[in-house]
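Here's the structure we're looking at; comments come further down.
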Amino acid sequence: MTARRILLYSPDLVGHPRVYCRVIADLLAAENCELVLAMGFTDEIGFEQSADLHPLATRERVRLIENRTRFASGNPHLSAEEIVALQQELAIDVTLFIEADKSNDEFRRIASGAAPRLHGRNLGIFANTAEWYPGEDSFTGARKRIVAPSLRTTLGNVKRAIFDRRKTPRWFYERIILGHHVLDEIITKDERLAEWHGPPVYWMPEISRPAEAEESDADRAKFERTKTDLDRFLAANAGRERVLYFGDAAHYKGYDLFLQFVAQNPHTCAIHPGRTYAARDAAWFEYDVEALRARLRAEGRLFETNEYVHTQRLKTLFFDAIRLYVTTHRLALSSSTVIQAAELGKPILVPNRGLLGHRVLANGIGAVYAYGDLDDLRRKADQLWSSDLTRFEEPLQRFWRKFSDEAIREFFVKRLGVRASSS
């Protein structure tokens, strides 16, 4: 059987796309296919800053392409014409848009006939499907309703629903993407949508981390240094509950809310493995994060690494330090860190919005608090910390199995249409 040629297209590499590309490449390593990764590297986030992608540079049947240098436009975001040219030149059978939302304008051009149709089979992973169903703000998770508190707002909502239908998410997904067959399949991380709509909309088990890899000598040395530093910090904070913020500091993950919560609650201490915030986040924070960091450091209640955490043993080290994973997310969509917490057996406390709140309650893996309400967060966290957390063990195991390495492998092998080379 001729090997299938798979294209993974990712115009941006901030956050999860690098992990997605690495995991999918690892899953397909034993399959009868060749893989091309078209990557939107930039001066800020290039290949050197993308540690998860480094093993792919020398892997057989894997090819990395930098979008900026591939075409004269020099843009990491490819136009429809450039994507089609790449598909045809490389004889691509299946293209997976890692962040399909980033190509929405090009999809509209294709549907209108202003750009050529894509080549081969095309699948798109969309993040903002909650706007379509169940009808929530894609950031806050607040339900969108026609009837509003004021008559004026209600009339405005009615007007938009009648006369601006073409601007709605429902119109985009149902009329543009599916109606004009721009993509063959929509892949969603929100199980509520897939259950409601059905094929060609498919639920994808979210990728929360790369598969565990062998550590280098540098990795092992880093682990030992970090463990020594963390043990010293925990000993100095004996008797305090530990609150973990895992990953890069960001507004959408409520980094400032996290710091403010710990500052307001002297019986807690803060652990933050991950890089500091980007400049763009500084203007969005509700609280002064530098003042909070200085205060917590002076009190000996803040542990920071200021580095990206990429080994599973380090991740386990930090999650093992807590009894309950508390999130201060403003973004109410799915969270890979919540899934990692479930894998490591930690009950979860999240805002009562969106897919985050739905998953925790529907699967019985923790509790929820009022969105953005730090006082309610304190009440709910204290209740959980003083309760028997072992009751969550079995629900957490059942939940994690849906996102296991095997579940993810089965999904992508089926959707991308590849078979094991030995079969």
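The values are calculated or read from the model by the stated rules, or taken from the named source; none is laboratory data. Here the structure is a predicted model, which means the values were calculated and not measured. Don't worry about glycine lacking a Cβ; one is built from the backbone with ideal geometry, like all the others, and counts go over all protein chains shown.
Exactly one residue among 27, 8, 56, 35 is closer than 19 Å to residue 102 by Cβ and not β-branched (Val, Ile, Thr), and that residue is 8.
Taking each residue of segment 394-408 that is more than 17 Å from residue 29 (Cα to Cα) and looking for partners that are of a type in the set (Asp, Glu) and buried (at least 16 other Cβ atoms within 10 Å of the Cβ) with beta-carbon atoms closer than 7 Å, six or more apart or interchain, yields 400/343; 403/206. Note on segment 71-93: residues that are closer than 23 Å to residue 128 by Cβ and among the aliphatic types (A, V, I, L, M) total 3.
Going by the conditions given, is residue 368 surrounded by 21 or more Cβ atoms within 10 Å (Cβ to Cβ), within 21 Å of the chain's Cα centre (by Cα), more than 23 Å from residue 23 (Cβ to Cβ) and not charged (D, E, K, R)? Here the answer is no, as residue 368 does not meet what is asked. Among helices (runs of 4 or more DSSP H) entirely within segment 238-354, having at least 1 residues that are farther than 30 Å from residue 217 by Cβ singles out 255-264, 279-282, 289-298, 336-343.
For segment 212-244, the set of residues classified as loosely packed, with under 10 Cβ neighbours inside 10 Å and over 21 Å from residue 306 (Cβ atoms) consists of 214, 217, 235, 238, 239, listed by residue number. Of all the residues in segment 172-219, those that are assigned to a helix (DSSP H, G or I) and at pLDDT below 95 number 3. From the set of residues in segment 1-29 that are modelled with pLDDT of 90 or more and farther than 17 Å from residue 65 by Cα, which is surrounded by the fewest Cβ atoms within 10 Å (Cβ to Cβ)? If we take residues in segment 1-29 being modelled with pLDDT of 90 or more and farther than 17 Å from residue 65 by Cα, then 29 is surrounded by the fewest Cβ atoms within 10 Å (Cβ to Cβ).
Looking at 300, 274, which is the one that is touching a residue at least 24 places away in the same chain (Cβ under 8 Å), of a type outside the set (Val, Ile, Thr), surrounded by fewer than 16 Cβ atoms within 10 Å (Cβ to Cβ) and on the phi > 0 side of the Ramachandran plot? Step through it out loud before you land on a result.
Working: 274 fails: surrounded by fewer than 16 Cβ atoms within 10 Å (Cβ to Cβ).
Among 300, 274, only 300 is touching a residue at least 24 places away in the same chain (Cβ under 8 Å), of a type outside the set (Val, Ile, Thr), surrounded by fewer than 16 Cβ atoms within 10 Å (Cβ to Cβ) and on the phi > 0 side of the Ramachandran plot.
Filtering segment 77-98 to residues that are surrounded by fewer than 21 Cβ atoms within 10 Å (Cβ to Cβ), of a type outside the set (A, V, I, L, M, F, W, C) and not in a helix (DSSP H, G or I) leaves 77, 79, 93. So, in segment 351-383, exactly how many residues are under 18 Å from residue 264 (Cα atoms) and hydrophobic (A, V, I, L, M, F, W, C)? So the answer is 4.
Reported count of residues in segment 21-48, each being outside any loop (DSSP other than H, G, I, E, B), over 15 Å from residue 75 (Cβ atoms) and either of a type outside the set (A, V, I, L, M) or touching a Cys at 6+ places or on another chain (Cβ under 8 Å) (or both), is 7.
Restricted to segment 371-388, and to residues that are of a type outside the set (D, E, K, R) and touching a strand residue (DSSP E or B) at 6+ places or on another chain (Cβ under 9 Å), which residue is surrounded by the most Cβ atoms within 10 Å (Cβ to Cβ)? Filtering first and then ranking leaves 377. The residues on offer are 409, 378, 398, and the sole one that is modelled with pLDDT under 95 and either within 16 Å of residue 342 (Cα to Cα) or not hydroxyl-bearing (Ser, Thr, Tyr) (or both) is 409. Just to verify a result, which residue in segment 1-20, among those that are under 21 Å from residue 338 (Cβ atoms) and either among the acidic types (Asp, Glu) or assigned to a helix (DSSP H, G or I) (or both), is nearest to the chain's Cα centre (by Cα)? The selected residue is 16.
Going through (1) surrounded by fewer than 21 Cβ atoms within 10 Å (Cβ to Cβ); (2) under 25 Å from residue 290 (Cα atoms); (3) in contact (Cβ under 8 Å) with a residue 60 or more places away in the chain one by one, residue 253 falls short only on (1). Looking at segment 41-55, which of the residues that are under 18 Å from the mean Cα position of the chain (by Cα) and in contact (Cβ under 8 Å) with a residue 60 or more places away in the chain is surrounded by the most Cβ atoms within 10 Å (Cβ to Cβ)? Looking at the filtered set, the residue picked out is 52.
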